[in-house]
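Chemist: Could you have a look at this structure, given as structure tokens, before my questions?
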Amino acid sequence: MANTRIRYSRELARRGHEVTILALIKGETRTIPEGVRFEILDAETTHSLRTVFQQVRFAFRLRRWFKRETRTCPFDFVSSSMTPTDRVVARSGLVNVYHWIHIATTELLGAVTDKRKRARRTRLLQAVYRGKPVIGVSQGVIDDLSTFNAAPCRSTLIYNGFDVERIRAMASELPADLPQEPYYIHVGRFAGAKRHDMLFQALARSGSGRKLLLLTDKPQEASKLAQEFNVADRVIALGFRDNPYAYMQAADGLILCSDLEGFPNVLVESLIVGTPVLSTDCPYGPAEILTGPYSQWLSPVGDCDALASQIQNLETVPYAIEPWVYERFSLSSSIDTLERLAKSADRPSLGRFRLRLKPCDTDDPGNKS
């Protein structure tokens with residue numbers, strides 16, 4: 001369950017809203033905030049919802065759950081998060097549900113190399129998102145839907161909201177393994193799109209004497225790759241941490257060198273704790289965060305020499321961080337936008353059930369079953 005959804009639920013409940021979180025299957029859960037109702041549609045199921053059979057079965061169950069819950073007290077606003085869940089919602093016939101887009105949807109298509117499979121997945125994603133209302137965590141992920149003919153009927157930009165005071169409080173909790181020597185930090189999965197190869201090359205070419213701390217899901221694999229680029233003696237690879245903020249705050253800079261992002265939370269989190277950031281100007285998000293004079297700290301995607309030069313520049317002239325850079329992404333601002341959207345949105349209801357998803361399908365709230 002995404003931390004962002006937990007933060008939003010906590011703040012909405014604090015503001016007096018009745019909030020329900022519905023998980024379709026049992027999975028990793030975090031502490032549910034006080035005043036937030038939490039249910040699991042099927043607590044016995046832990047598998048994914050990728051097959052058509054699984055999606056149809058859960059769509060029926062979701063439909064029954066929605067009917068039961070709205071007999072006495074209709075929901076004012078419903079949103080869906082994650083692509084497998086979006087598919088279940090689309091099949092169930094729920095109307096006026098906002099799909100929360102966190103990543104570039106074309107990334108899901110790009111991962112499929114077989115042309116026929118890619119065409120099928122394209123049609124499926126068109127059926128799920130085309131003509132539907134969406135919320136995007138960056139303008140880029142909203143615009144991305146139009147690139148494969150899945151433009152929404154309505155879209156709202158709500159950046160991931162950050163609890164500034166909480167992040168700073170957590171940053172003051174110093175861990176025992178915090179490096180005592182100057183270092184840069186990179187926080188991210190060990191995956192191709194995160195470009196650890198480029199990160200290690202840029203570090204080597206920059207001439208910097210600082211260490212590089214990695215918080216990643218596969219520290220051993222990251223260390224092995226660092227050996228291939230002859231920087232293993234300068235890399236400290238740790239696993240992910242529940243509280244990464246102290247590591248960020250103690251760093252001289254945070255580096256992001258991805259080829260693709262949905263919205264890079266770590267850039268905002270680093271700025272909040274007062275640590276400068278360097279980033280590739282990748283789709284999507286960095287250019288929406290590093291605006292105005294801070295745009296000079298963006299470098300071209302895949303340009304190792306440019307990133308190395310940015311590391312050199314940061315060591316020569318570290319830059320100050322003005323509050324306006326991160327205040328645009330405060331939790332309060334995001335919740336204000338969400339409240340305005342909920343007040344203006346059409347109330348969720350049931351349209352027709354969809355055994356098959358086709359791009360030509362349209363919502364039909366008048367045809368209820």
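Chemist: Please report the accessible area of Met170 (heavy atoms, 1.4 Å probe, ligands and nucleic acids excluded) in Å², nearest 10.
Modeler: Roll a 1.4 Å probe over it and Met170 shows about 30 Å².
Chemist: If we sort 160-167, 46-53 on the protection proxy, mean other Cβ atoms within 10 Å, highest first, what's the order?
Modeler: 160-167, 46-53
Chemist: How high is the relative contact order of the stretch 177-305, given as a whole-number percent (alpha carbon pairs under 8 Å, six or more residues apart)?
Modeler: 25
Chemist: Using 17 Å as the cut-off for backbone N distance, which residues of the stretch 149-177 belong to the label zone defined by a point 7 Å from the Cα of Asn243 along Cα→Cβ?
Modeler: The answer is 163-177.
Chemist: Further, regarding this structure: Could you pull out the chymotrypsin sites (Phe, Trp or Tyr not before Pro) across the stretch 167-274 that fall in loop regions by DSSP (anything but H, G, I, E, B) with no more than 15 other Cβ atoms inside 10 Å?
Modeler: Here the sparse-neighbourhood loop sites are Phe240.
Chemist: Among the aspartates and glutamates, which fall within straight-line cross-link reach of Lys224, defined as a Cα-Cα distance under 12 Å, with same-chain neighbours fewer than 8 residues apart omitted?
Modeler: Those aspartates and glutamates meeting the cut-off are Asp197, Asp233.
Chemist: Can you give the relative contact order of the chain as a percent, counting alpha carbon pairs under 8 Å and 6+ residues apart?
Modeler: 18
Chemist: Could you do me a favour and compute the accessible area per residue for the chain, 1.4 Å probe, result in Å²?
Modeler: Averaged over the residues of the chain, the accessible area is 47 Å².
Chemist: Using the charge dipole of the chain (Lys, Arg: +1 at Cβ; Asp, Glu: -1 at Cβ; taken about the Cα centre), state which of Leu12, Asn160, Thr291 has its Cα farthest towards the positive end.
Modeler: Leu12
Chemist: Let me ask another. Which order do peptides 293-301, 206-214 fall in by mean Cβ count within 10 Å, highest first?
Modeler: The peptides rank, most packed first, as 206-214, 293-301.
Chemist: Tilt of helix 3-14 relative to the longest C-alpha principal axis of the chain, in degrees (0 to 90, nearest 10)?
Modeler: The helix 3-14 is inclined about 60 degrees to the chain.
Chemist: Among Ala150, Asn313, Phe263, whose Cα projects farthest towards the positive end of the dipole of the chain, with charges put on the beta-carbon of Lys, Arg (+1) and Asp, Glu (-1)?
Modeler: Checking the options against the dipole of the chain, the answer is Ala150.
Chemist: Whole angstrom only: what separates the Cα centroid of the stretch 23-47 from the Cα centroid of the stretch 189-228?
Modeler: When both Cα centres are located, 35 Å separates them.
Chemist: Mean shadow of the stretch 47-128, computed from the convex hull of its alpha carbons, in nm²?
Modeler: Averaged projected area of the stretch 47-128's Cα convex hull equals 6.0 nm².
Chemist: Here's something else I'd like to know. Using 0.36 nm times the number of residues separating Arg166 and Ser146, minus their current alpha carbon distance, what extension gain do you get?
Modeler: So the chain would gain 3.6 nm between Arg166 and Ser146.
Chemist: Name the residues whose placed amide hydrogens come within less than 5 Å of the amide hydrogen of Ser80, ignoring near sequence neighbours (fewer than 5 apart) on the same chain.
Modeler: Amide H to amide H, under 5 Å and 5 or more residues apart or across chains, Ser80 pairs with Tyr98, His99, Trp100.
Chemist: Cα-Cα over 27 Å: which of Lys117/Lys218; Lys26/Lys117; Lys132/Lys343?
Modeler: Beyond 27 Å between Cα atoms: Lys117/Lys218; Lys26/Lys117.
Chemist: Long-range amide H contacts for Glu261: which residues qualify at under 5 Å (H placed 1.01 Å from N, peptide plane, sequence gap of 5 or more or a different chain)?
Modeler: Answer set, sorted by chain and number: Tyr284.
Chemist: Would you mind computing the Rg to Rh ratio of the chain from its alpha-carbon coordinates, Kirkwood style for Rh?
Modeler: Rg/Rh for the chain comes to 0.99.
Chemist: Can you tell me how much longer the chain between Gln180 and Lys224 gets when fully stretched, taken as 0.36 nm per residue apart minus their C-alpha distance, in nm with one decimal?
Modeler: 13.5 nm is the gain from fully extending Gln180 to Lys224.
Chemist: May I pose another question? ³J(HN,Hα) across the stretch 306-320 via Karplus (A = 6.51, B = -1.76, C = 1.60, θ = phi - 60°), whole Hz, x for Gly/Pro?
Modeler: Result, ordered by residue: 5, 5, 4, 5, 5, 4, 4, 5, 5, 5, 6, 9, x, 9, 7 Hz.
Chemist: Short version: ³J(HN,Hα) in whole Hz for each residue of the stretch 238-244, in order, from phi by Karplus 6.51 cos²θ - 1.76 cosθ + 1.60 (θ = phi - 60°), x for Gly and Pro, what are they?
Modeler: Once rounded to whole Hz, the list reads 10, x, 4, 10, 4, 10, x.
Chemist: Round to a whole number: what % of the accessible area of the stretch 55-180 belongs to carbon and sulfur, probe 1.4 Å?
Modeler: Taking all protein chains in place, the stretch 55-180 shows 51 percent carbon and sulfur surface.
Chemist: To continue, here is another question. Given H placed on each backbone N at 1.01 Å, which residues far from Phe162 in sequence or on other chains put an amide H within less than 5 Å of it?
Modeler: Ser330, Leu331
Chemist: Hey, another quick one. What list of ³J(HN,Hα) couplings, whole Hz, do you get for the stretch 204-217 from phi and the Karplus terms 6.51, -1.76, 1.60, once you set θ to phi - 60° and write x for glycine and proline?
Modeler: 5, 6, 6, x, 5, x, 6, 6, 10, 9, 10, 10, 8, 7
The values are calculated or read from the model by the stated rules, or taken from the named source; none is laboratory data. Predicted model only: the values in this text are computed from it and were never measured. FYI the Cβ positions are ideal-geometry reconstructions off the backbone, even for glycines, and counts take in every protein chain you see. To get the accessible areas, we keep the full protein, side chains included, count just its heavy atoms, and leave off ligands, DNA and RNA. Shrake-Rupley method; radii C 1.70, N 1.55, O 1.52, S 1.80 Å.
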